[in-house]
Every structure is written in C-alpha cells, then in structure tokens.
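A.B. asks: Here you go, one structure.
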Amino acid sequence: MSVAPRTPEPTGAGAVPRRPLHADRRVAVVIVVLNGRRRIGRTLERLSALPEQPHIVVVDNASTDGTADLVTERFPDVQVVRLPENVGAAGRNAGVAAVDAPYVAFAEDDSWYEHGALATAADLLDAHPQVALINAHVLVGDDRRPEPLHEDMIDTPVGERRAGLPGHRILSFLEGVSIVRRSAYDAVDGFDSRRGIGGPEEHLAAELLAAGWELRYVPWVRAYHVPDHTAPSELVRRLGLRNALWFAWERRPLGPALLWTLHLVRSSPANRATLLGVCDALRELPHILRGRRPLPADVEADMRLLDTHKMTSKARRYGR
C-alpha cells in the first residue's frame, strides 16, 4: 500500500502549539447517511477510536435498509437522529442542533479523520477566530491517493485577504471532510434544504464568505475517504449541475452568470443527466430570479478570478 507523504506542519504564521493527544470534546462529528448500512460500521469504528473521543451524531435521512437500527445496536454511544424524509445535506442541520461543541466535523458514511486531526483543527479555530471552516487534506481509497480537487485549492489566483492564517484560502469546500465553527454555521442557517445533494457546499460557502468569514484548506489536518464506487451517480451529476446553475443565477451578476452557465453546459457530457439537470434548473428559474442576492463586490471579484482560472485550465487540459 502506498501512502501519500505527510505535509509538514508549519512552524511560522498560522502555526499553533501541538497538544498531546487526549480526549478533546471541542469538536463533535456529524454524519448524514442514506442507506449506508453496508459502509457506516467501518466509519464509526474509526471515529469511535479517535483519541479525541468526540460526540458522534448520525443523522439518518429516512433510510430503508435498517441503517439507523444497525447504528443503535452496534454503537450505543453514538447518537442517532432519525429524519422522516430525505433532506440531503440539510440533514446536517439537525445533527449540528443536537450537539453543544463549538466546532463540528462533517463526515460521510465512508469518510473519517486521522488521529489528532480534530484536536489540530480545534486548536486552529481557537487561534484564528476569523476562520469559519477548515477543509481537511483527503486521502482517497485503500491506496490513500491525494484527492485531486486539492490541486484546485492551492493553484488559483485567489489571493489572501488576511495575513497569518493557516493553509490556503478557498471559496468552497468538500462537504464530508470539513470542520466548521458552529456559531458561523448557525448564523447563516446551515445547508439550504432546497439543494439536496450534488454540490450544496457552494451555496453554504457563499453565505459564509458574504458574512466575512474565511474558509481554509489546511493540508496538515487529514481525513480519509474510502468510497465503494468510482464515479458519482447519475442523480448526483444531475443535481450537481442544477445546483451549480442555480448558484450562478441567484448569486452572480448577469454577465458572469451567463458566462458560467455557458461554461457549465459546454463542459458537461452530452447525456441524460446533463439534460435533466438543465431542465430541473430551468423549471425553478422564476423562483430563483425572484430570490436573487448578488454576492458582495469583494467576494464576486474573487469568484471572477476563479472562473477565469477554471475555464482556462480546462481549455489547456483539453487543448482548446
């Protein structure tokens, strides 16, 4: 098994003293799950073995495979919140409401955190009150290869706005491997229940950025993601495109919204998921336009820089 080399922890700006590993309840863990009976046992075994001994909450999105019963029987110390219907990522809101820790780590039924990662994240959030969220460095699969999306978090033109913060400034995050400041999360009402699954992070990230918070990718806070599939399902791709279009139409000025819409449609595969995603988005267009809330000018400026970077990077990748 090959293991990705550890990113060295910093010793300068953004660093905090390393604490010895021990029970540390500053960070609770919230997992949202739908029909994850086959996978969740492994995840809960690893989270339960963390030296921080976090309060763990599993939010069951109306599973039909007995997931909630399995968790209750095998992991009596894990709190289970049973929802009457599947609300997607917004199920995390019920999990956050069930804990009293100042910080909450999100996980999936196939992701967990490295020993000491939660304490390190809590130290960083304690030391940097401007930071609302830390995106962990993710090692994927049994061979622990780095998550490719991390390249998009460090090689961008988005500049720093505050000196001395840990890691890299980001404009969005990966939902199942991030630690959030609960007060910031509550202040923006958490995940939007209209988004379901498929990239709901973009909308929450925008709310946090618009409120003046910092989001950081911190390479020395590490998590693991071991999925039992290699590609997102058609439903996830369909809803992901719908949500991305909704974000452009609701939060971006007209010019960037149109440009990004064209980019999304052109760069999506010509298949059923793309067609249905566009149709889903258009169906709610009048409602989305009535609720338009353009981003603050400084956040929009960063979004435009990132748009250009993404579009030119994709063009280079495909020789356009």
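The values are calculated or read from the model by the stated rules, or taken from the named source; none is laboratory data. Worth saying up front: this structure is predicted, and the values here are computed from it rather than measured. For neighbour counting, all protein chains shown are included, and Cβ atoms are generated from backbone atoms with ideal geometry for every residue, glycine included.
A.B. asks: Which members of region 155-201 meet the condition of being closer than 12 Å to residue 135 by Cα and either out of contact with any helix residue (DSSP H, G or I) (no Cβ under 9 Å at 6 or more places or on another chain) or of a type in the set (A, V, I, L, M, F, W, C) (or both)?
C.D. replies: Selection gives 170, 171, 173, 174, 176, 177, 179, 180.
A.B. asks: So, in region 84-108, exactly how many residues are within 14 Å of the chain's Cα centre (by Cα), under 20 Å from residue 49 (Cα atoms) and either surrounded by fewer than 24 Cβ atoms within 10 Å (Cβ to Cβ) or not small (Gly, Ala, Ser) (or both)?
C.D. replies: At the first step, the residues of region 84-108 found to be within 14 Å of the chain's Cα centre (by Cα) are 88-93, 104-108.
The next check asks that each one be under 20 Å from residue 49 (Cα atoms); those that pass are 104-108.
Okay, now just the ones that are also either surrounded by fewer than 24 Cβ atoms within 10 Å (Cβ to Cβ) or not small (Gly, Ala, Ser) (or both), so 104, 106, 108.
The qualifying residues number 3.
A.B. asks: Mind listing whichever residues of region 113-141 are in a loop (DSSP other than H, G, I, E, B) and either within 18 Å of the chain's Cα centre (by Cα) or more than 12 Å from residue 218 (Cβ to Cβ) (or both)?
C.D. replies: Start the filter on region 113-141 by keeping residues that are in a loop (DSSP other than H, G, I, E, B), which leaves 114-116, 128-130, 141.
114, 115, 116, 129, 130, 141 - these are the residues of region 113-141 that are in a loop (DSSP other than H, G, I, E, B) and either within 18 Å of the chain's Cα centre (by Cα) or more than 12 Å from residue 218 (Cβ to Cβ) (or both).
A.B. asks: Does residue 83 satisfy the criteria of being farther than 29 Å from residue 67 by Cβ and at pLDDT 95 or above?
C.D. replies: On the way: farther than 29 Å from residue 67 by Cβ: no; at pLDDT 95 or above: yes.
No: the conditions fail for residue 83.
A.B. asks: Is there any pair with a first residue in region 30-41 that is surrounded by fewer than 18 Cβ atoms within 10 Å (Cβ to Cβ) and a second that is part of a strand (DSSP E or B) whose Cβ atoms are under 7 Å apart and which are 6 or more apart or on different chains, and what are they?
C.D. replies: Once the first residue is surrounded by fewer than 18 Cβ atoms within 10 Å (Cβ to Cβ) and sits in region 30-41, no partner that is part of a strand (DSSP E or B) comes close enough.
A.B. asks: Can you say whether residue 96 is in contact with a Pro (Cβ under 7 Å, 6 or more places away or on another chain), closer than 19 Å to residue 190 by Cβ and at pLDDT 95 or above, as far as the supplied structure shows?
C.D. replies: When the stated conditions are applied, residue 96 does not pass them.
A.B. asks: Looking at 172, 193 in this structure, which one is hydroxyl-bearing (Ser, Thr, Tyr), in contact with a strand residue (DSSP E or B) (Cβ under 9 Å, 6 or more places away or on another chain) and not assigned by TED's automatic domain parsing to the domain that holds residue 296?
C.D. replies: Values: 193 fails: in contact with a strand residue (DSSP E or B) (Cβ under 9 Å, 6 or more places away or on another chain).
Just one listed residue meets the conditions, 172.
A.B. asks: Then there is this: Being buried (at least 18 other Cβ atoms within 10 Å of the Cβ) and in contact with a Gly (Cβ under 7 Å, 6 or more places away or on another chain) is the filter; apply it to region 134-166 and report the residue that is farthest from residue 32 (Cα to Cα).
C.D. replies: The qualifying residue farthest from residue 32 (Cα to Cα) is 165.
A.B. asks: Given the conditions (1) in the same structural domain as residue 44 (by TED's automatic domain parsing); (2) part of a helix (DSSP H, G or I), which single one is not true for residue 215?
C.D. replies: Looking at each condition in turn, residue 215 falls short on (2).
A.B. asks: If we keep just the residues of region 167-200 that are polar (S, T, N, Q) and surrounded by fewer than 19 Cβ atoms within 10 Å (Cβ to Cβ), which is farthest from residue 299 (Cα to Cα)?
C.D. replies: We begin by selecting, within region 167-200, every residue polar (S, T, N, Q); these are 172, 178, 183, 193.
Now drop any that are not surrounded by fewer than 19 Cβ atoms within 10 Å (Cβ to Cβ), which leaves 183, 193.
Values: 183: 21, 193: 23 Å.
Taking the candidates together, the pick is 193.
A.B. asks: Still on this structure, I have one more. Taking the options 208, 165, name whichever one is of a type outside the set (Val, Ile, Thr), modelled with pLDDT of 95 or more and in contact with a Leu (Cβ under 8 Å, 6 or more places away or on another chain).
C.D. replies: Working: 165 fails: in contact with a Leu (Cβ under 8 Å, 6 or more places away or on another chain).
Result of the check over 208, 165: 208.
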